[in-house]
Structure formats: structure tokens, C-alpha cells
Amino acid sequence: MSSPSIFTRILAGDIPGEILHETERVFVLRDIAPKAPVHLLVIPKTEQYANVVELAAGDPGLLAEMVEVANAMAAAAASSGQGDGDFRLIFNTGEGSGQTVFHVHAHVLAGGLSEGSLG
Ligand code: 5GP
């Protein structure tokens, strides 16, 4: 079996990381290299799915929970003055997309996003 992912090691407390929220199956980290004023990672506690395609096929309910948590986190950021509750949800999928951690995770970007583009 491959070694635990960086996210699993943070969840276990083996290396530092800012866990902002946690449910039975999902946790939320602040990205260490933010690309927006709010840049969070929503991550299943299981690392059995490498990417969103595998997750959608294997456990669509868990994918739906990640989307719900992303929405709630963006709303919470808006309540504390960061953004308006709208957000981008990005799943890099495969090395060619820039994915570096093969434990599925959703990037939640919010607050000060440029309008009408992915940039
Ligand atoms: P990917 O490129 O795989 O979609 O995204 C991985 C993300 O994990 C990157 O945005 C990167 O900044 C973030 N990341 C990598 N190592 C750590 C870490 O040790 N702590 C946190 N909080 N984020 C990390």
C-alpha cells in the first residue's frame, strides 16, 4: 500500500495544517499557497479515491457532501466579510491538469474573484 497522502498526514496530526471544519467523512484545510483571498480544500477523510472521476463513480453521496461543505464554507467566509458567498469549485484531475496530490480534493476559491473568467 502507498504511503499516506499529505492530507491524511495533516488530518492525523503528523504534520501541521489548519483544519477549519470537519464532518464524519470530510474535512477542510486552508490551502498553504492560496490563489484567491479565500482558498480552501475540501477533502474526504478516506484517500481511496485519487480524483473526482473515481469518487463520482464510487461514492456520489460523498461527492455531494463535499459540494455542500464547500457551499457552507463560502457562506461562512462571506459572513465574516470575505466574498459574497459565491465561489469556484475546482477539481484538478490528472497530472496534465496540474494535480499534485492524488487524494481527491476540491479547491474552493472565493472573495475577490475576477468576473467572467477562470483566471
Ligand atoms: P492539486 O494541484 O493536487 O489540485 O492541489 C494540491 C493543493 O494542495 C495545492 O493547492 C497545494 O498548495 C496544497 N498543499 C500542498 N501541500 C500542502 C500542505 O502541506 N498544507 C496545505 N494546507 N496545503 C497543501
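Laboratory data are not the source of any read-out in this text; all were calculated from the coordinates shown. These figures come from a predicted structure and were not determined experimentally. All Cβ positions, even for glycine, are placed from backbone atoms using ideal geometry, and neighbour counts span all protein chains on display.
Observations on the model:
- In the stretch 1-21, residue farthest from the ligand (Cβ to nearest atom) [restricted to those that are over 19 Å from residue 107 (Cα atoms) and touching a Pro at 6+ places or on another chain (Cβ under 9 Å)]: 12
- Some residue of the stretch 38-56 being free of Cβ contacts under 8 Å to residues at least 24 places away in the same chain and within 14 Å of the ligand (Cβ to nearest atom): no
- The lone criterion from (1) without any contact (Cβ under 8 Å) to a residue 60 or more places away in the chain; (2) within 14 Å of the ligand (Cβ to nearest atom); (3) of a type outside the set (Ser, Thr, Tyr) left unmet by residue 107 is number (1).
- When residue 78 is tested against the conditions (1) over 25 Å from residue 114 (Cα atoms); (2) over 15 Å from the mean Cα position of the chain (by Cα); (3) not polar (S, T, N, Q), the lone failure is (1).
For every residue, the table says whether it meets (1) surrounded by fewer than 17 Cβ atoms within 10 Å (Cβ to Cβ); (2) under 21 Å from residue 6 (Cβ atoms); (3) away from the ligand (no atom under 13 Å from the Cβ).
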| site | (1), (2), (3) |
| --- | --- |
| 34 | yes, yes, no |
| 58 | yes, no, yes |
| 68 | yes, no, yes |
| 83 | no, no, yes |
| 94 | yes, yes, no |
| 113 | no, no, yes |
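- Within this structure, residue 29 fails the test of being touching a helix residue (DSSP H, G or I) at 6+ places or on another chain (Cβ under 9 Å), more than 11 Å from the ligand (Cβ to nearest atom), closer than 17 Å to residue 110 by Cβ and free of Cβ contacts under 8 Å to residues at least 24 places away in the same chain.
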